[in-house]
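Novice: Here's a structure for you.
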Amino acid sequence: MNDSNYCPHTPQEIQEMLSVIAINSVEELFAPIPSELRAKTFNLPPGLSEFETYDKMKAIAGENSDMLNFIGGGFYDHIIPAVVDHLSGRAEFYTAYTPYQPECSQGTLQALFEYQTAICRLTGLDVSNASLYDGATACAEAAMMALRITGRNRIIVDGCVNPFSRQVLKTYLFNLDVEIIEIPPLDGVLHREALERLLDDGVAAVMVQNPNFFGSIEDFSSLAEQIHSVGALVVASVYPISLGILKTPGEMGVDIAVGDGQSLGNPLSFGGPSFGFIAAKKTFIRNMPGRIIGETVDKNGKRGYVLTLQAREQHIKRHKATSNICSNQGLCALRGLIFLSSVGKEGLVEIARLNRDKAEYAKARLAELEGVRVLQATTFNEFTLFLAKPAEMIVAALLKQGIAAGVPLSNYYDDSENAMVVTVTEKRSRKDIDVLVKELEVALCS
Amino acid sequence: MQLIYEQSIPGRRGIKLPASDVPVAGSLPDTLLRKNPADLAEVSELDLVRHFTNLSRRNFSVDTNFYPLGSCTMKYNAKVLENSAALFAPFHPMTALLPGGEEFCQGTLGMLYDLGQMLADITGMDEVTTQPLAGAHGEMTGILLIAAYHAAKGNKAKKKYVVVPDSSHGTNPASAAIAGYEIITVPTAPYGDMDLELFKQAMNDEVAAVMMTCPNTLGLFNPHIKEISDIAHSHDALMYYDGANLNAIMGKVKPGDVGFDVVHVNLHKTFGTPHGGGGPGAGPVGVKAALIPFLPQPRIIMDDEGKLVLENSNPSTIGRTAGFFGNFGVMVKAYAYIIMLGREGLIQVSEQAVLNANYIKEKLKPYYELPYDMTCMHECVFSASRQLKHGVHAIDIAKYLIDQGYHPPTVYFPMIVKEAIMIEPTETESKATLDKFIEVMIEAARTAEENPQALLDAPLTMPISRLDETKAAREQNVCCQW
C-alpha cells in the first residue's frame, strides 16, 4: 500500500477486515469479474502530493491570458461580493447531497426555497424550480415543457436568441418528431411580420430573448397576446441582471421564463458551473422539469421544506417522467441567492443602471470613431457595431493587445462580416472603455 | 428559522456598490421598464452571514457526517480541489471562440483535452467530450450520439427501442425516452443480474441501445456482460455504460474492453468533486471511434504542432449539449484529483471502496435480510423485510440513523428489492467509522424488535421532525408569499 490518497486504512486494519470477510487478499473481492475481461493496461501517471498538484494547476492556469473583457454572449463579468464565496464555501452546503432526507437537509431546502422565491420575484412569474444546468439547456427544457403542455409539435424561435441556445435546442429535439422554425432577425430585433405569418394552432411555443443576442431590448407584451390567441405559449430567455430595471417576463405575459444564472454571483470559470433558471405561470407547475422545493409542516406543526411534486421525476416515474434531470446546479443557485440577497432590492436596480450607463458611454464614444456605425436599437449592456473592416480581423488584432473587444457575428449570422457585439458591465471603468476606444481606432486605421 | 425575506427591513442595505465614473444615461421608455423593483431581501451583511451560516448548520454533509448513500459515492472532497478551481475563475469561455482565441486559452483547453485522455484510459474509450453537465445529461448526450449513429446508417425509423434492466437508475429510461425512444425493461434474475434469457428474447433489430450499470445497482458485477454486449452488437444495438458505479472498478476492468460503446462518468461521484447539495455535477461522455464523428461541437483537438484548437464545423455532429465547454470548474477538480491520486491511487480507491462495502455486508448480514448474498463491489443492498414484521419500514431505520448522526443509506432503491437499504461507504471512511456505523445499524435492528415505536418516532434530535409531504404536494407553495 502506498501513501494515503484519502484511503485511511492501515495494513493492520485491512488484515482485520479481510478476516471478517474470510478472504486472504483484497484481490479476491474482484473474482466476480471474469479474468479474461480484466484491464490489460492502465497508463495514468504516478500520483502527486496536494502541493505538487496545486503547483501544476497553477501552471495550467498560467497558460491562459487574462483579458480586458468586452465580451458576453451568455456569460458576463460581474462583481461578486466576498460573502458569496465564504457562505457557499461552507462545507455543510457544498459537501451535502440532494436533500432526499429533509430532516437533515433543511439548510439546503430552505435556501433553495428562498432561491425559488428570488427567481419568481425577479421574473414576475408564479413558480420556479430549484435550478437547471445552464441557460442554454433551460431554453431546451422550456421548449419541451411547452410541447408537453400544448400537445403540439412545432416551435418557433426568434433568430435573435443566443445561437448556442438555439443549437442546444436543435440537439435536444433532433430525434423527436418536432419542427423547429427559426425566424431570421430584422435589424437586430424579432421580425414580427414573419412571425405573424407563421402563427397558427399548430405552434406549441414561440421563443424570444430579452435583451437579445444583438443586445436589443424589446417589449413582447402585445406579441404575447397574439401568440396566446392561437393557443401557443411564449418562452422568453432573460438576463437576470437586466431585470433590475427591465420589464419582467411576467409583466409581458410570458408563460415560461428561462435564463443563465452565471451573472448572479458565479465566476466566469471558462463557462461553468453556472445554473439555469426556469419560472412559469402556476398552472404549468406539474409540467416543470427538475427539482422543486415546497413548504410544509412537520408533525408538530413546525414549518419546514421538502422536495415536492416528486411524482413528476425520473426516480419515481422512470421513462414517463417530465424530464431526466437528477442533479441540478444547487450550489450555483445558492450562490445566486446569496448574491441577490447581498446586493438586495435597491442594489440590483443600481447594478442594472450602472451597466446601462457604462454601455451607453462606450456606445457614444465608439460611435464617434471613423469606420464605426452603431446598430440603431434600444440596448442594456450590449450593443452591435458595424465596422469598416471585417470584425474577425479587428477582434483578432485586439486580442493580441489583451483586449477581448467583442464577439464577431459572422460565425452566427449571414451577411454580418463586419458586425460585432460589445458588452460593457459595471466592472469596466471609464479608463478601460477609453482603452478599448483607442485600440479599436488604431486597429481600424492600420 | 425565519426566511431571509422575513428579516427584510425596507431601505436596509447589504454591500456598497462601486461609484459610477461615467455620465448617467438617458432613461429608457416606460414600456421597457419594470413597474417596481424586484422584492429581494433587504438585510445587512452581518444578518446575511448569520442567516446562511445558521442555515448551513441545519444540513448533514460529508464534512460533518458519514454519508453511506448508495449509488451516490459520497466520498471525501479534498480541499486542494477547491483551491485549484478558484485559479480559473477569471477566464471567459467566449475568448476561446473568438478568431484566434484558442491561442490565449491553451491552459484551459489543454486541461480539458488531457482530462478527456485520462478518462478515456480509465474507461477504455477512444475520445471523451466534457460538455455534458451532469450524469443524466451525459446519458441523454450518449443516447443522442447513438441516435445520430443509427440515423447516419439510414436506420433512424427502424431503431425504436432502448433496453434497460429493471434495476437501472430512473435516469436511464428517462434519458432514453426524452431522446425519443420507447423503453423495454428486462427483469432481474435470482442471481442478481439482468435475466439473460429474457434479455435474449427482448432483443431484436429495432433496438437502438442497451443501457447498463456495471456493477449494477445491487452492487454486483455482471459476469455475462461480454455475452450481453455481443448479443446487442449482433442486432446493431450499441452498449451504453452508466458510469455511476465506476468507483468500484478503476484499473480493474474497463467498460470499453467488455463491449461498451458509450459511457458517461459522474465526476462528482468517482472523481471526488463535491455534490453541492444537488449539483453542480459533470457527466463527460466517452465513445468508441465509430461515434467520434457525432460528438458535440466545439470539439477540442490537438493540431500537428501540439496546439489545442476547436473544431466547429463537423457536419455530422449532434450539435451542442451545453452553452460552452461543460461545468469547467468541476472538470478542474476532477483533473486535480486524478493527477493527485495517479495510477496506483485510483486502483487503491476501487479496492478499498469494495473492501469497505464487503466488510459492512458481512457484519450486518446476521441482522438484515440480504436478498443477493454474494461478493459485492462498492455497495451492498439489504432489505428491511425482517424489521417490517415489527411494523418498521426502511424509512424508519433511515430516520433513526439521522438521530444517531448518520446520513441514511439510499432507501427504496433499487425498486426490485422490497424495503431496500442500499449502503455505499466509499473508500475514504476509516475502519473506526465503519465499525461505529455497523454498531448503530445493529442497534436499529434490535430496537425494531424491542421497541419499534422508537423508530417510528424518529428523528427527535433534528430542528424538525418528519414532514407532511402530501400537504406540500397539495398546496404547491414553492415561493414565499410574505
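Novice: B:LEU40 - would you say it is within 7 Å of another protein chain (Cβ to nearest Cβ), in a loop (DSSP other than H, G, I, E, B), surrounded by 15 or more Cβ atoms within 10 Å (Cβ to Cβ) and in contact with a strand residue (DSSP E or B) (Cβ under 9 Å, 6 or more places away or on another chain)?
Specialist: Values: within 7 Å of another protein chain (Cβ to nearest Cβ): yes; in a loop (DSSP other than H, G, I, E, B): yes; surrounded by 15 or more Cβ atoms within 10 Å (Cβ to Cβ): yes; in contact with a strand residue (DSSP E or B) (Cβ under 9 Å, 6 or more places away or on another chain): no.
Answer is no for this residue.
Novice: Given the conditions (1) out of contact with any helix residue (DSSP H, G or I) (no Cβ under 7 Å at 6 or more places or on another chain); (2) within 20 Å of B:VAL285 (Cβ to Cβ), and given that B:LYS158 satisfies all but one, which numbered condition is not satisfied?
Specialist: Here B:LYS158 meets the rest and fails (2).
Novice: Moving to a separate point now. Which of the strands (runs of 3 or more DSSP E) found entirely inside region A:335-436 contain at least 1 residues meeting this: in contact (Cβ under 8 Å) with a residue 24 or more places away in the chain and either surrounded by fewer than 23 Cβ atoms within 10 Å (Cβ to Cβ) or more than 26 Å from the chain's Cα centre (by Cα) (or both)?
Specialist: Where strands (runs of 3 or more DSSP E) fall fully within region A:335-436 and carry at least 1 residues being in contact (Cβ under 8 Å) with a residue 24 or more places away in the chain and either surrounded by fewer than 23 Cβ atoms within 10 Å (Cβ to Cβ) or more than 26 Å from the chain's Cα centre (by Cα) (or both), they are A:372-374, A:382-387.
Per-residue answers, yes or no, for (1) surrounded by 24 or more Cβ atoms within 10 Å (Cβ to Cβ); (2) of a type in the set (Asp, Glu); (3) without any contact (Cβ under 8 Å) to a residue 40 or more places away in the chain:
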| residue | (1), (2), (3) |
| --- | --- |
| B:SER175 | yes, no, yes |
| B:ILE178 | yes, no, yes |
| B:ILE183 | no, no, yes |
| B:LEU196 | no, no, yes |
| B:LYS200 | no, no, yes |
| B:ALA209 | yes, no, no |
| B:MET212 | yes, no, no |
| B:PRO215 | yes, no, no |
| B:PHE221 | yes, no, no |
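Novice: Could you tell me whether A:PHE75 is more than 7 Å from chain B (Cβ to nearest Cβ), buried (at least 19 other Cβ atoms within 10 Å of the Cβ) and under 44 Å from the mean Cα position of the chain (by Cα)? Spell out how you get there, then give the answer.
Specialist: Numbers: more than 7 Å from chain B (Cβ to nearest Cβ): no; buried (at least 19 other Cβ atoms within 10 Å of the Cβ): yes; under 44 Å from the mean Cα position of the chain (by Cα): yes.
No.
Novice: May I ask you to list the residues in region B:125-160 that are touching an Asp or Glu at 6+ places or on another chain (Cβ under 7 Å) and over 21 Å from B:LYS269 (Cα atoms)?
Specialist: B:LYS158, B:LYS159, B:LYS160
Novice: Which of (1) within 7 Å of another protein chain (Cβ to nearest Cβ); (2) modelled with pLDDT of 95 or more does A:ARG318 not meet, given it meets every other one?
Specialist: Failing condition for A:ARG318: (2).
Novice: Within region A:299-314, can one find any residue that is in contact with a Cys (Cβ under 7 Å, 6 or more places away or on another chain), of a type outside the set (Asp, Glu) and in a helix (DSSP H, G or I)?
Specialist: The answer is yes, given that some residue of region A:299-314 is in contact with a Cys (Cβ under 7 Å, 6 or more places away or on another chain), of a type outside the set (Asp, Glu) and in a helix (DSSP H, G or I).
Novice: Also: Might you check whether a residue that is crowded, with 24+ Cβ neighbours inside 10 Å, β-branched (Val, Ile, Thr) and touching a Phe, Trp or Tyr at 6+ places or on another chain (Cβ under 6 Å) occurs anywhere in region B:328-339?
Specialist: Within region B:328-339, one or more residues are crowded, with 24+ Cβ neighbours inside 10 Å, β-branched (Val, Ile, Thr) and touching a Phe, Trp or Tyr at 6+ places or on another chain (Cβ under 6 Å).
Novice: Of these, B:ARG34, B:ARG58, which one is touching a residue at least 12 places away in the same chain (Cβ under 8 Å), within 7 Å of chain A (Cβ to nearest Cβ) and at negative phi? Explain how you work it out, then say what you get.
Specialist: Numbers: B:ARG34 fails: touching a residue at least 12 places away in the same chain (Cβ under 8 Å).
Of the residues listed, the single one that is touching a residue at least 12 places away in the same chain (Cβ under 8 Å), within 7 Å of chain A (Cβ to nearest Cβ) and at negative phi is B:ARG58.
Novice: Please go through region A:264-297 and give me each residue that is in contact (Cβ under 8 Å) with a residue 40 or more places away in the chain, at the interface with chain B (Cβ under 7 Å from one of its Cβ atoms) and surrounded by fewer than 20 Cβ atoms within 10 Å (Cβ to Cβ), ordered by number.
Specialist: A:ILE285
Novice: Give just the number: which of (1) part of a loop (DSSP other than H, G, I, E, B); (2) at the interface with chain A (Cβ under 10 Å from one of its Cβ atoms); (3) of a type outside the set (Phe, Trp, Tyr); (4) crowded, with 17+ Cβ neighbours inside 10 Å does B:THR461 not satisfy?
Specialist: B:THR461 satisfies all of (1) part of a loop (DSSP other than H, G, I, E, B); (2) at the interface with chain A (Cβ under 10 Å from one of its Cβ atoms); (3) of a type outside the set (Phe, Trp, Tyr); (4) crowded, with 17+ Cβ neighbours inside 10 Å except (4).
Novice: Would a scan of region B:74-89 turn up a residue that is within 15 Å of A:TYR94 (Cα to Cα), without any contact (Cβ under 8 Å) to a residue 24 or more places away in the chain and not hydrophobic (A, V, I, L, M, F, W, C)? Full working, then the answer.
Specialist: Of all residues in region B:74-89, those within 15 Å of A:TYR94 (Cα to Cα) come to B:74-83, B:85-86.
Filter once more, keeping what is without any contact (Cβ under 8 Å) to a residue 24 or more places away in the chain: B:79, B:83, B:86.
So of that shortlist, the ones also not hydrophobic (A, V, I, L, M, F, W, C) come out as B:79, B:83.
Taking every residue of region B:74-89 in turn, at least one turns out to be within 15 Å of A:TYR94 (Cα to Cα), without any contact (Cβ under 8 Å) to a residue 24 or more places away in the chain and not hydrophobic (A, V, I, L, M, F, W, C).
Novice: From (1) closer than 30 Å to A:ASN5 by Cα; (2) without any contact (Cβ under 8 Å) to a residue 24 or more places away in the chain, pick out the condition that doesn't hold for B:ILE438.
Specialist: B:ILE438 satisfies all of (1) closer than 30 Å to A:ASN5 by Cα; (2) without any contact (Cβ under 8 Å) to a residue 24 or more places away in the chain except (2).
Novice: Turning to a different aspect of this structure: Step by step: first the residues of region B:414-434, then only those that are in contact with a Phe, Trp or Tyr (Cβ under 9 Å, 6 or more places away or on another chain) and in a helix (DSSP H, G or I), then the one that is nearest to A:PRO8 (Cα to Cα). Which residue is that?
Specialist: It comes out as B:LYS431.
Novice: Somewhere in region A:11-31, is a residue at negative phi, assigned to a loop (DSSP other than H, G, I, E, B) and at the interface with chain B (Cβ under 8 Å from one of its Cβ atoms)?
Specialist: Our first condition is that a residue be at negative phi; within region A:11-31, this holds for A:11-21, A:23-31.
Those still in the list that are assigned to a loop (DSSP other than H, G, I, E, B) too: A:23-25, A:31.
With the extra rule that they be at the interface with chain B (Cβ under 8 Å from one of its Cβ atoms), the set shrinks to A:31.
Within region A:11-31, one or more residues are at negative phi, assigned to a loop (DSSP other than H, G, I, E, B) and at the interface with chain B (Cβ under 8 Å from one of its Cβ atoms).
Novice: Could you check region A:50-75 and list, in sequence order, the residues that are touching a helix residue (DSSP H, G or I) at 6+ places or on another chain (Cβ under 7 Å) and aromatic (Phe, Trp, Tyr)? Walk me through how you get there before you give the answer.
Specialist: Let us first name the residues in region A:50-75 that are touching a helix residue (DSSP H, G or I) at 6+ places or on another chain (Cβ under 7 Å), namely A:50, A:53-54, A:56-57, A:60-65, A:67-68, A:70-71, A:73-75.
Scanning region A:50-75 gives A:TYR54, A:PHE70, A:PHE75.
Novice: May I ask you to say which residue of A:VAL238, A:VAL234 is touching a residue at least 60 places away in the same chain (Cβ under 8 Å), of a type in the set (Val, Ile, Thr) and more than 7 Å from every other protein chain (Cβ to nearest Cβ)? Break it down into steps so the answer makes sense when it comes.
Specialist: Values: A:VAL234 fails: touching a residue at least 60 places away in the same chain (Cβ under 8 Å).
A:VAL238 is the lone residue from the list that is touching a residue at least 60 places away in the same chain (Cβ under 8 Å), of a type in the set (Val, Ile, Thr) and more than 7 Å from every other protein chain (Cβ to nearest Cβ).
Novice: Checking the structure you have, find out if any residue of region B:145-167 is surrounded by 24 or more Cβ atoms within 10 Å (Cβ to Cβ), among the aromatic types (Phe, Trp, Tyr) and touching a residue at least 12 places away in the same chain (Cβ under 8 Å).
Specialist: Within region B:145-167, one or more residues are surrounded by 24 or more Cβ atoms within 10 Å (Cβ to Cβ), among the aromatic types (Phe, Trp, Tyr) and touching a residue at least 12 places away in the same chain (Cβ under 8 Å).
Novice: Name, by its number, the condition in (1) part of a helix (DSSP H, G or I); (2) surrounded by fewer than 24 Cβ atoms within 10 Å (Cβ to Cβ); (3) of a type outside the set (A, V, I, L, M); (4) in contact with a Pro (Cβ under 8 Å, 6 or more places away or on another chain) that does not hold for B:HIS268.
Specialist: It fails just one condition, (2).
Novice: Scan region B:344-386 for residues that are over 25 Å from the mean Cα position of the chain (by Cα), over 15 Å from B:VAL417 (Cβ atoms) and at the interface with chain A (Cβ under 10 Å from one of its Cβ atoms) and jot them down.
Specialist: Of everything in region B:344-386, those that are over 25 Å from the mean Cα position of the chain (by Cα), over 15 Å from B:VAL417 (Cβ atoms) and at the interface with chain A (Cβ under 10 Å from one of its Cβ atoms) turn out to be B:GLU362, B:LYS363.
Novice: Going by the conditions given, is B:ASN312 surrounded by 24 or more Cβ atoms within 10 Å (Cβ to Cβ) and not hydrophobic (A, V, I, L, M, F, W, C)? Give the derivation first.
Specialist: Working: surrounded by 24 or more Cβ atoms within 10 Å (Cβ to Cβ): no; not hydrophobic (A, V, I, L, M, F, W, C): yes.
Against the criterion (surrounded by 24 or more Cβ atoms within 10 Å (Cβ to Cβ) and not hydrophobic (A, V, I, L, M, F, W, C)), B:ASN312 does not qualify.
Novice: Kindly provide the set of residues from region B:6-36 that are part of a loop (DSSP other than H, G, I, E, B) and hydrophobic (A, V, I, L, M, F, W, C), ordered by number.
Specialist: B:ILE9, B:ILE15, B:LEU17, B:ALA19, B:VAL22, B:VAL24, B:ALA25, B:LEU28 - these are the residues of region B:6-36 that are part of a loop (DSSP other than H, G, I, E, B) and hydrophobic (A, V, I, L, M, F, W, C).
Novice: Can B:ALA96 be described as within 30 Å of A:THR378 (Cα to Cα) and not assigned by TED's automatic domain parsing to the domain that holds B:HIS378? Please lay out each step first, then the result.
Specialist: Values: within 30 Å of A:THR378 (Cα to Cα): yes; not assigned by TED's automatic domain parsing to the domain that holds B:HIS378: yes.
For B:ALA96, the condition - within 30 Å of A:THR378 (Cα to Cα) and not assigned by TED's automatic domain parsing to the domain that holds B:HIS378 - is met.
Novice: Further question: How many residues are hydroxyl-bearing (Ser, Thr, Tyr) and under 16 Å from the mean Cα position of the chain (by Cα) when one looks only at region A:241-297?
Specialist: Qualifying residue count, region A:241-297: 4.
Novice: Let me ask you something else. Please state which one of A:TYR100, A:TYR133 is among the aromatic types (Phe, Trp, Tyr), surrounded by fewer than 24 Cβ atoms within 10 Å (Cβ to Cβ) and in the same structural domain as A:HIS315 (by TED's automatic domain parsing).
Specialist: Checking each option against the conditions leaves just A:TYR100.
The values are calculated or read from the model by the stated rules, or taken from the named source; none is laboratory data. The model shown is predicted, which means the values in this text are computed figures rather than measured ones. Because the Cβ atoms are built from the backbone with ideal geometry, glycine has one as well, and the counts that use them run over all protein chains shown.
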